[in-house]
Each structure stands twice: as C-alpha cells, then as structure tokens.
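Asks: Pasting a structure below so you can have a look.
The values are calculated or read from the model by the stated rules, or taken from the named source; none is laboratory data. All values reported here derive from a predicted model rather than from experimental measurement. Neighbour counts are summed over all protein chains in view; Cβ atoms, including those assigned to glycine, are modelled from backbone coordinates with ideal geometry. Keep in mind that these areas ignore ligands, DNA and RNA; they rest on the heavy atoms of the full protein, side chains included. Shrake-Rupley method; radii C 1.70, N 1.55, O 1.52, S 1.80 Å.
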Amino acid sequence: MNEFEGKLEKLTRLTKAFEQADDSNKRSHLANELLCTLENTTLSARRYYSSFLKPEKHGREAHILPHHVEKHCAVEVTRDGWTHIRLNTLLQSNRQRVTGYIESTLLQMLHDHRAAGGTLPWYDRTFVIITEHTDRRYTGRTFDPDNKEWKCVTNALKGVLFEDDDSRTVSLILDSVPDGKGFTEVLAAPYFEVKKTWIGR
C-alpha cells in the first residue's frame, strides 16, 4: 500500500505546484510530470486493488483503457496460430515521458486470455505487425513512426509469445489505417508465413 499512497502524495504536490506556477515552460514540465505520475498511480492501484476483486454475478465487460470504441480490447488466436490483439487506444508519443500503462494492459489481457482457458502460441521467429487506426483530424497525435512508443508492445509480448525482441527473433512492421477509429491492432505471426504473404503481394 505504501507505493500507492506515495504516488497519491506526489500527485497532490504536483497539482499544487502546477496551480502556483506562473511560467509556461514550468507549467508544461509539471503537466507532463503530473500526467506520467497519474498513469503510474493507476497502475499501482490496479496492482493493489485487483487482489480484492470478486466475480460479479452479472459481470460487465471492462474497458482496461479509458478510450471507448465500438469493440472492446480482445485477444484472439486464429486457427493458423496467428495472435491478434485489439487495444482500444493509440500508441503513446515518445516525445513525452512514457509510462508502463499500455505494456501492463497488454500483459493483463494475455493473462486473462490464459485464465479463461485460452492458449497462446510460441514463436521461434515472428513478425509483429502494429497497425494504428487513426486519422490526421486528431489533434496532438504522433504520425512519425520514430516518435511512436511501440517498444512497449514487443516488451509485453517478450517471454509470452517469443523468447526475446531482438532482430533475430522479431521482425517489426508499423502501419496505420486512416479510418479515424482510434484503436491499435497487434498481430504476431510465424515469420515465414508472413514473409510468403508479403512476397505474394
């Protein structure tokens, strides 16, 4: 409980400092620090309070992340052994401080999939394809691939679907679809099957 309480105290201090700041650069720095701390506080709360949760008689589908779309977060393994994950948020920008929020959510989704009786494949070598469903009409979004925090995805999958996220084990494709829906698809598939698909294209 100390970890969670400590982060709540830090949030209070940062909020007061932000309200008292009279310089725009300082406020920008404090706002970034406050948002990062808030997300980490959420993770701490999840770790602590989840052990107290009991199944509800009429359970509702929970939104692990706060971005609502028409479908919920989901993990699916196809008959061909391809792992498909739908995450109802977009990737973070690495130009700001990045928390473990998305990585923790992915790990929780994979854990819940197994806990519900699902199985996950193991890939000796794999293609990981990350596709953002976004639109340039969204303000404040990051469109340059080198400014997107995609490493949290491969970090979450490492040790669960494949041994390591080095270049000998994982090949990566970053893609985007301009449909304005605001969610991210992650596909992990056997390397040579995807390679044949791309050669066919």
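Asks: Under 5 Å between amide hydrogens, which residues at least 5 positions from K148 or on another chain qualify, with H placed 1.01 Å from N in the peptide plane?
Replies: Those lying under 5 Å, H to H, from K148 are N94.
Asks: Starting from the amide H of F127, placed 1.01 Å from N in the peptide plane, find each other amide H under 5 Å away whose residue is 5 or more places distant or on another chain.
Replies: HN-HN under 5 Å from F127: S171, A189, Y191.
Asks: Each residue of region 155-162 in turn: what ³J(HN,Hα) in whole Hz from Karplus with 6.51, -1.76, 1.60 and θ = phi - 60°, glycine and Pro shown as x?
Replies: 4, 5, 7, 5, x, 10, 10, 8
Asks: Turning to a different aspect of this structure: Work out from phi, with θ = phi - 60° and the Karplus expression 6.51 cos²θ - 1.76 cosθ + 1.60, the ³J(HN,Hα) of each residue of region 163-169, listed in order in whole Hz, and give x for Gly and Pro.
Replies: Result, ordered by residue: 6, 8, 9, 7, 5, 7, 10 Hz.
Asks: Right, another one. With all protein chains present, calculate the accessible area of H29 using a 1.4 Å probe and round the result to the nearest 10 Å².
Replies: 120 Å²
Asks: With r defined as the distance between the Cβ atoms of T12 and R46 and R0 fixed at 22 Å, what FRET efficiency is calculated, to the nearest 0.05? Please list the in-between numbers first.
Replies: On the way: r = 20 Å, r/R0 = 0.91.
The formula returns an efficiency of 0.65 here.
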